[in-house]
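The values are calculated or read from the model by the stated rules, or taken from the named source; none is laboratory data. Because the structure is a prediction, the values reported are computed rather than measured. Cβ: placed from backbone, ideal geometry, glycine included. Neighbour counts: every protein chain shown. Just the protein is used for accessible areas: all its heavy atoms, side chains included, with ligands, DNA and RNA removed. Shrake-Rupley method; radii C 1.70, N 1.55, O 1.52, S 1.80 Å.
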Amino acid sequence: MIPLYWWLIVAAALFCIGLYAVLSRKNAIAVLMGIELMLNAVNLNLVAFWRYITPQALTGQVFAIFVITVAAAEAAVGLAIFISVYRMHGSINVEKLDTMRW
Amino acid sequence: MDFFFNLAPLAILVPLLMFAAIILFTHPNNRLSSSLAIGGIAFSTIISWGIVLATILSGEHIWEETWQISIPWLPAGTSVLWIGLEVDSLTAAMLFMVPFVCMLIFIYSQGYMNLGKPNQDPRYSRFFAYISLFAAGMIGLVLSGSLLLLFIFWELMGLCSYLLIGFWSFRDRDTEDHIDEAQVKRARAAALKAFLTTRIGDVLLFSGMVLLWAYTGTLNFSEIFQPEVLEHLAEITIWGLPAATVIALLVFGGAVGKSAQFPLHVWLPDAMEGPTPVSALIHAATMVAAGVYLVARTYPLFVAGSVAGDGSVLAVVAVIGAITAFFGATIGLAQNDIKRVLAYSTISQLGYMMMALGIGAYVAAVFHLLTHAFFKALLFLGSGSVIHGVEHGHHEIAHHSDHHGDDDFNPNDMKTMGGLRHRMPRTFWTYIIGTLALVGWLPFAGFWSKDEILGEAFHLWREGGTFSLPLWVWLAGTLGALITALYMGRQIGLVFWGEPRHGAAEHAHESPHSMTTPLIVLAIFAVIGGLANLPSNVPLVGGELHHFIGEVHEVSEVVHSEALALNAIVAGLSTVLAVGGLIFGWAIYRNYRVGEVEPFQRWLGPVFTLLKNKYYVDELYRAVFIRPTVWLADISFRFDTGVIDYLVNLVGRVTRVVADFGGVFDAKVIDSTLVDGTGKVTNSFGGWLRQTQTGRVQNYVLVIAVTVLLLLGLYLYL
């Protein structure tokens, strides 16, 4: 069986890719996708730790399912917001959405 | 009989009410106002005469049980100041005269102030309001049962005197087109002079009252005059003198001011600036007699003070009276103003009353007070009638000659009159009667009263020794009688005989009936007034006034009086002097022509100048009192502006400098640096910090990520 840290490296890489997408993409939908990547990296960690450290309890898996659920809800709400933003501003470029500026 | 006594307060209140009614409500209606005033005083007269009648009928012993009411007026600490009314026979004697003379003068004033004529006085109603107030004051003074209430009315009359002397100094410049500025100024000065001069006396009187209150705890006459109280007063000493002596002298000081006696007589002649009815009412018949009445009323105090102080008090009274009687008469010789002659005559006659009081003849003094009131009121009203007539004559010639003529024409100047006996017959005859009464011809009123004073003095001299005080009193009185006759002879000669010396006198008219009728009534009293107190050896009617008021002070056990028989020497001598003097004066003046040096001036030379200038008393007072006062005031003013004001300004300036410094400190340090500084720092910090709020979500996420990394790093390495 492959050691635990391999999984962790993959998850950390995935998290970093997601974070990069969140920080660098201009399209809000791409940013949302980046967040999904980060959540999935977390899910990967949760499942990996469950399998290697506490395989008797189901807590890791349950936690991962909760995260997926919340991520789905989040994506739904996020997309709805984007549609609304697009209607108001004609764009969902996050660099232009700075009306909450000082 | 108590009926009239119980109405006594109304005799005061009704004229007072009329004063208030005129001042507050009826003043726009002149006729109603004067009618109210006359009605009020007529009511007072009826009540007063009722009181007189009741007093006469209540028998000879009214002094043992006088009618009195009193109310506690002012509780002061543990004691109470009482005021109240009291009627005894002295009060009754005064009440016979005061309201009646007032009433006649009120009626006369209607004519004198030209009611209903085009030249009616613009302040007609106000005049009647003032004289009503005055009448209330005088009747109140007479009825007062305590020194305190008497003083209140005394001051009330002082106020009325001031208002009425200065009556012509208040002018409405909007409605009157012809205002005599010089007269306004004179009236103002005279009113002020009268007020301030009498004030000296009033202060003395008040001090006397304070001492009396301090030593006896009461100001009610009936309590002061108890023998034990008087004895108590005689035993205590103030500054080495018996208290009774000091108090009596102070009270006399008040009388000197009010009755225009020697050192304080200067205000009375100037008071003639008031309308003539006022001169008659206040400055001849009634108010100036208040001083004499005060001394007569508090006579037991004077006698007690005199006994305790070796006869000093009464001697002072007598000497002051004698000086005033003689010198007042001499000044009258050289005056040209018809009213001023009478004013000096009044001063002189008041001197007679005072010297009578001083030698112990207080009944004679009161008698002379009463007769004098009638004949002097008559003379003053007569002179007013003359002035009135001459003024009308002057208006007439001014009217005919189409311009105002000589504007400095003085209607009071006797030397411009002459020959008026044909033009003003009623005034003339009544004036002659008044003159004969004043000069003391038999059987006019003045003869009996003056003769009683001189007779008492003569009698006391014969008892007292060759050069005792009564001799000097008698001499002053007798010489005064001669001079009185001379100046009255001069006056009637100048006014009524000879040819008119001015067009105004030529065109003079007799005054209206409202003026001459009071003259006739007064003339009747000037003739028969003497009947009140004929010498004791006249059967049936002799010494009536003595019986009536002689015992009024009997309760004090120190004052006694008895009527004297007629002394042929005294009466004969004074009659010869009166008849001779009057005829002599009349004879040499009746044909006086304008521009001539008058006979007295020719014979007396510099003495005449001295008399004409009233012994330079006014000038003396000006130099001794007025100028230093003005000088002191000036110095004080300079001190005030130079030193006090400078200090005040200095304090202000220093405060301002300190305040300026404080202001700068506040603006520069507190405001700019601390308060504004805090804001500025906060502002700039905020301005810098808000740069972080970019509104871009990615920035925030970056910050969060970096922070998490840093914290993680810190966690791993520490």
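On the given criteria, is residue A:75 in contact (Cβ under 8 Å) with a residue 24 or more places away in the chain, over 22 Å from residue B:706 (Cβ atoms), away from chain B (no Cβ under 12 Å) and open to solvent by less than 70 Å² (accessible area, probe 1.4 Å)? Quick ask: steps written out before the conclusion?
Numbers: in contact (Cβ under 8 Å) with a residue 24 or more places away in the chain: yes; over 22 Å from residue B:706 (Cβ atoms): yes; away from chain B (no Cβ under 12 Å): yes; open to solvent by less than 70 Å² (accessible area, probe 1.4 Å): yes.
So residue A:75 passes the test.
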Inset, instruction - Quick one: residue B:702 ticks every box in (1) more than 14 Å from chain A (Cβ to nearest Cβ); (2) under 30 Å from residue A:99 (Cα atoms) except a single one, so which number is it? - result: (1)
Legend entry - Residues satisfying the stated conditions in segment B:247-271, i.e. touching a strand residue (DSSP E or B) at 6+ places or on another chain (Cβ under 9 Å) and open to solvent by less than 10 Å² (accessible area, probe 1.4 Å): B:247, B:269
Inset, instruction - Say whether the condition of being away from every other protein chain (no Cβ under 14 Å), free of Cβ contacts under 8 Å to residues at least 24 places away in the same chain and either touching a Cys at 6+ places or on another chain (Cβ under 8 Å) or within 30 Å of residue A:100 (Cα to Cα) (or both) is met by at least one residue in segment A:36-51. - result: no
Legend entry - Output for segment B:417-438, where each listed residue is farther than 14 Å from residue B:373 by Cα and open to solvent by less than 30 Å² (accessible area, probe 1.4 Å): B:417, B:418, B:419, B:420, B:424, B:427, B:428, B:430, B:431, B:432, B:436
Legend entry - Hey, residue B:714 open to solvent by less than 100 Å² (accessible area, probe 1.4 Å), away from every other protein chain (no Cβ under 14 Å) and within 30 Å of residue A:35 (Cα to Cα) or not: yes
Legend entry - Search result, residues across segment B:437-477 that are more than 29 Å from the chain's Cα centre (by Cα), part of a loop (DSSP other than H, G, I, E, B) and not aromatic (Phe, Trp, Tyr): B:442, B:443, B:465, B:466, B:468
Legend entry - Test for residue B:653: is it basic (Lys, Arg), assigned to a helix (DSSP H, G or I), within 14 Å of chain A (Cβ to nearest Cβ) and surrounded by 10 or more Cβ atoms within 10 Å (Cβ to Cβ): no
Inset, instruction - Could you tell me which of the residues B:279, B:306 is assigned to a helix (DSSP H, G or I), closer than 20 Å to residue B:468 by Cα, at pLDDT below 90 and of a type in the set (Ser, Thr, Tyr)? - result: B:306
Inset, instruction - For segment B:510-529, name all the residues that are closer than 11 Å to residue B:111 by Cα and either touching a Leu at 6+ places or on another chain (Cβ under 6 Å) or surrounded by 24 or more Cβ atoms within 10 Å (Cβ to Cβ) (or both). - result: B:511, B:515, B:518
Legend entry - Checklist (1) open to solvent by 90 Å² or more (accessible area, probe 1.4 Å); (2) more than 14 Å from chain A (Cβ to nearest Cβ) applied to residue B:659, failing item: (1)
Legend entry - Among the residues listed as B:149, B:211, the single one being open to solvent by 10 Å² or more (accessible area, probe 1.4 Å), in a helix (DSSP H, G or I), of a type in the set (A, V, I, L, M) and farther than 28 Å from residue B:52 by Cα: B:211
Inset, instruction - Please list, ordered by first then second residue, the pairs with beta carbon atoms under 7 Å, 6 or more apart or interchain, first in segment B:117-129 and among the aromatic types (Phe, Trp, Tyr), second open to solvent by 40 Å² or more (accessible area, probe 1.4 Å) and not in a loop (DSSP other than H, G, I, E, B). - result: B:124/B:30
